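The values are calculated or read from the model by the stated rules, or taken from the named source; none is laboratory data. Source: prediction; values computed, not measured. Neighbour counts run over all protein chains shown; Cβ positions are idealised from the backbone, glycine included. Accessible surface is based on the protein model in full, side chains and every heavy atom, while ligands, DNA and RNA are left aside. Shrake-Rupley method; radii C 1.70, N 1.55, O 1.52, S 1.80 Å.
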Amino acid sequence: MLWLCLRLPSLPLDALGPQHTKGMLALSNNNIIVMANAAAQQAGIAVGMSAASALSLSNKLELRPRDEQREQQHLANIALWAYRFSGDVCLCPPNAVLLELGASLRLFKNLARLYRKFISAFRRRGLSVQLGIAHTPLAAELLSHQNLSPASLVNGAGQLHRTALDNALRKLPIGLLPLAPKTLNTLQEMGMHTLGNIQALPRAALERRFGKNIATVLAKLQGEQPDIRPKFTPPETFHAQRHFDGGLHSKQQLRFPISALLSELEHYLRLRQCLNRDLEWTFHYLDGSREAWSLDLSHRHFDRRSLIELVMLRLERLSLQGPVESLSLSCTQFIGNEQHSDQLFDTANHSKHQEKAAQVLDKLRLRLGAQRCHLFSLQDAHLPELNWVLRDAHTSASAPSQSKLKPILKPVAAQQTTAPSTTELIRPNCLCHPPEAITETTEGLFWQGELHLLQGPERFDGQWWQQRQTRDYYIARHQHGALCWVFKDCLNRRWYLHGFFA
């Protein structure tokens, strides 16, 4: 196995975003400096110094409290990013992530290509990273403190140079081992300052003197004992945030961070093989206020470009309350990716048409309001006028099968022409509800003019469990040329107009 450790030595500062490199900035915990950026270090501010002493050295120093929760969230985001390169990712608090690269090397062909992807990604993010690579998780974790070049320990095919690896491990300071402080102090007082000094001693003697813990650590380091780490899994909900030094003052300035957040969401959805149904945005203003708004979606495929346009369209209806200090995106509603079973040569076009329809629907809901957008949907009813019902446009439930909703229509003996086949029944696009009465005289049928029967009848006989309906349907032509759908109620012997053909 081949393990890679990504250590972020500046994680407390990196969690603040790119703005930590501007000006002099230091983080404190219990009034003690725990980290300072490069500008603050040049002014003489060092770790362990009191906050009062640091402020006395420079009146331009910005002092912030350390936010460990924010750091761990940032570390989880790094692990989520690393998840695309390996399915075996582990968090190593407080500032490291472990990856098993055995399967990844088969995917990326060689280690050099994978290494370049890591380094370029961290440079784009403005993050400093130290790498450690070894045959066990603990060895990679300890070697990451030394930040040795992977090329000196492993070749392009992922094969370790065991001699170089053993030499690097022997040079590790003993203080890096995960042992109790009392044990470490005793070993250093005995003149044991490196891992090589301890490895030269009999392990049984070390165990008698210091307990089983030290033997367990050495066994895990060499791969003689399993080092089982809890695996990282993508969270059930998505959350990402962007901070802006000095704030953003216009909506157009928000376009780029919105695109970046949607890119992170796209990667998250790809890992979980799902699709989001909402976008929850929150603006954090410089004055401390916040504004939250949501965007419901009905898309079938994630398209970042169309989503950007949709979000910017939604922003047209909002007025910024001031400079935006940070922007966050959250998603809590997800569905599984749809599996289509369309015909071979129609799948691409059908899917494209469905996605375009969903995009148009989302835009209409933004323009007109969700309460004004509805869709016609089939429902399980035998009467033709009850087959269709209006539903909310954002309803994601799929329509019932057409075969279950088709009215029971029986061809009977034709009076003027042969009845059409039940597999090719013609239905009007517009129905009258309720059906309108037609006047029957000795001269024929009249409804705002004379009606001439062209085709039929088709027998509808059903709803015996409620109130029986027996109808004979015909296609008729109005004297003005329109084609109509009419029926005769076989129970009361009256005629009705039920719809018009387009």
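So, of the residues in the stretch 247-266 that are among the charged types (D, E, K, R) and part of a helix (DSSP H, G or I), which turns out to be modelled with the lowest pLDDT?
First, the residues of the stretch 247-266 that are among the charged types (D, E, K, R): 251, 255, 264, 266.
After this cut, where a residue has to be part of a helix (DSSP H, G or I) as well, the list is 255, 264, 266.
On the way: ARG255: 92, GLU264: 88, GLU266: 91.
Among those that are among the charged types (D, E, K, R) and part of a helix (DSSP H, G or I), it is GLU264.
Looking at the stretch 5-12, can you tell me whether even one residue there is more than 21 Å from PHE244 (Cβ to Cβ), open to solvent by 40 Å² or more (accessible area, probe 1.4 Å), of a type in the set (Lys, Arg) and out of contact with any Lys or Arg (no Cβ under 7 Å at 6 or more places or on another chain)?
Let us first name the residues in the stretch 5-12 that are more than 21 Å from PHE244 (Cβ to Cβ), namely 5-9.
From what's left, open to solvent by 40 Å² or more (accessible area, probe 1.4 Å): 9.
If we keep only those that are of a type in the set (Lys, Arg) as well, we get none.
For the stretch 5-12, residues more than 21 Å from PHE244 (Cβ to Cβ), open to solvent by 40 Å² or more (accessible area, probe 1.4 Å), of a type in the set (Lys, Arg) and out of contact with any Lys or Arg (no Cβ under 7 Å at 6 or more places or on another chain): absent.
Conditions: (1) touching a strand residue (DSSP E or B) at 6+ places or on another chain (Cβ under 7 Å); (2) among the aromatic types (Phe, Trp, Tyr); (3) free of Cβ contacts under 8 Å to residues at least 12 places away in the same chain. PHE256 meets all but one. Number of the miss?
Going through the list (1) touching a strand residue (DSSP E or B) at 6+ places or on another chain (Cβ under 7 Å); (2) among the aromatic types (Phe, Trp, Tyr); (3) free of Cβ contacts under 8 Å to residues at least 12 places away in the same chain, PHE256 breaks only (1).
Please go through the stretch 236-250 and give me each residue that is open to solvent by 60 Å² or more (accessible area, probe 1.4 Å) and of a type outside the set (Ser, Thr, Tyr), ordered by number. Give the derivation first.
Let us first name the residues in the stretch 236-250 that are open to solvent by 60 Å² or more (accessible area, probe 1.4 Å), namely 236-237, 239, 241-242, 245, 249.
Within the stretch 236-250, GLU236, HIS239, GLN241, ARG242, ASP245, HIS249 meet the criteria.
How many residues, within the stretch 276-296, are open to solvent by less than 10 Å² (accessible area, probe 1.4 Å) and not polar (S, T, N, Q)? Show your work before the answer.
Residues of the stretch 276-296 that are open to solvent by less than 10 Å² (accessible area, probe 1.4 Å), as a first pass: 276, 278-279, 281, 283, 285, 295.
When the remaining residues are screened for being not polar (S, T, N, Q), the result is 278-279, 281, 283, 285, 295.
Residues in the stretch 276-296 being open to solvent by less than 10 Å² (accessible area, probe 1.4 Å) and not polar (S, T, N, Q): 6 in total.
May I ask you to say which residue of ARG468, ARG477 is of a type in the set (D, E, K, R), more than 14 Å from HIS452 (Cα to Cα) and either in contact with a helix residue (DSSP H, G or I) (Cβ under 7 Å, 6 or more places away or on another chain) or open to solvent by 20 Å² or more (accessible area, probe 1.4 Å) (or both)?
Values: ARG477 fails: more than 14 Å from HIS452 (Cα to Cα).
Exactly one of ARG468, ARG477 is of a type in the set (D, E, K, R), more than 14 Å from HIS452 (Cα to Cα) and either in contact with a helix residue (DSSP H, G or I) (Cβ under 7 Å, 6 or more places away or on another chain) or open to solvent by 20 Å² or more (accessible area, probe 1.4 Å) (or both), namely ARG468.
Being crowded, with 19+ Cβ neighbours inside 10 Å, among the hydrophobic types (A, V, I, L, M, F, W, C) and over 20 Å from MET35 (Cβ atoms): is that true of VAL97 here? Steps first, answer last, please.
Numbers: crowded, with 19+ Cβ neighbours inside 10 Å: yes; among the hydrophobic types (A, V, I, L, M, F, W, C): yes; over 20 Å from MET35 (Cβ atoms): no.
The answer is no for VAL97.
Residue by residue through the stretch 34-77, note down the ones that are among the acidic types (Asp, Glu) and either buried (at least 19 other Cβ atoms within 10 Å of the Cβ) or under 29 Å from the mean Cα position of the chain (by Cα) (or both).
Within the stretch 34-77, the first condition is being among the acidic types (Asp, Glu), and the residues that meet it are 62, 67-68, 71.
Once the filter is applied, which keeps residues that are among the acidic types (Asp, Glu) and either buried (at least 19 other Cβ atoms within 10 Å of the Cβ) or under 29 Å from the mean Cα position of the chain (by Cα) (or both), the stretch 34-77 yields ASP67, GLU68, GLU71.
Quick check on THR186: is it among the β-branched types (Val, Ile, Thr) and open to solvent by 40 Å² or more (accessible area, probe 1.4 Å)?
no
Listed here are the residues, each with its yes/no results for (1) on the phi > 0 side of the Ramachandran plot; (2) open to solvent by less than 50 Å² (accessible area, probe 1.4 Å); (3) aliphatic (A, V, I, L, M).
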{"residue": "LEU111", "(1), (2), (3)": "no, yes, yes"}
{"residue": "ARG116", "(1), (2), (3)": "no, no, no"}
{"residue": "PHE122", "(1), (2), (3)": "no, yes, no"}
{"residue": "ALA134", "(1), (2), (3)": "no, yes, yes"}
{"residue": "HIS145", "(1), (2), (3)": "no, no, no"}
{"residue": "VAL154", "(1), (2), (3)": "no, yes, yes"}
{"residue": "GLY158", "(1), (2), (3)": "yes, yes, no"}
{"residue": "THR163", "(1), (2), (3)": "no, no, no"}
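Just the residues that are in a loop (DSSP other than H, G, I, E, B) and touching a residue at least 60 places away in the same chain (Cβ under 8 Å), please, taken from the stretch 148-170.
GLY158
Is there a residue in the stretch 170-179 that is open to solvent by 80 Å² or more (accessible area, probe 1.4 Å) and closer than 19 Å to LEU131 by Cβ? It would help to see each step written out before you state the result.
If we filter the stretch 170-179 for residues that are open to solvent by 80 Å² or more (accessible area, probe 1.4 Å), which is where we start, we get 170-171.
With the extra rule that they be closer than 19 Å to LEU131 by Cβ, the set shrinks to 171.
Yes.
I need the full set of residues from the stretch 277-292 which are modelled with pLDDT under 90 and not in a loop (DSSP other than H, G, I, E, B), in order please.
Result: ASP278, single match.
Go through the stretch 17-35 and count every residue that is outside any helix (DSSP H, G or I) and over 22 Å from LEU131 (Cα atoms).
As a first pass, look at the stretch 17-35 and keep what is outside any helix (DSSP H, G or I): 17, 22-35.
With the extra rule that they be over 22 Å from LEU131 (Cα atoms), the set shrinks to 22-34.
Residues flagged as outside any helix (DSSP H, G or I) and over 22 Å from LEU131 (Cα atoms) within the stretch 17-35 amount to 13.
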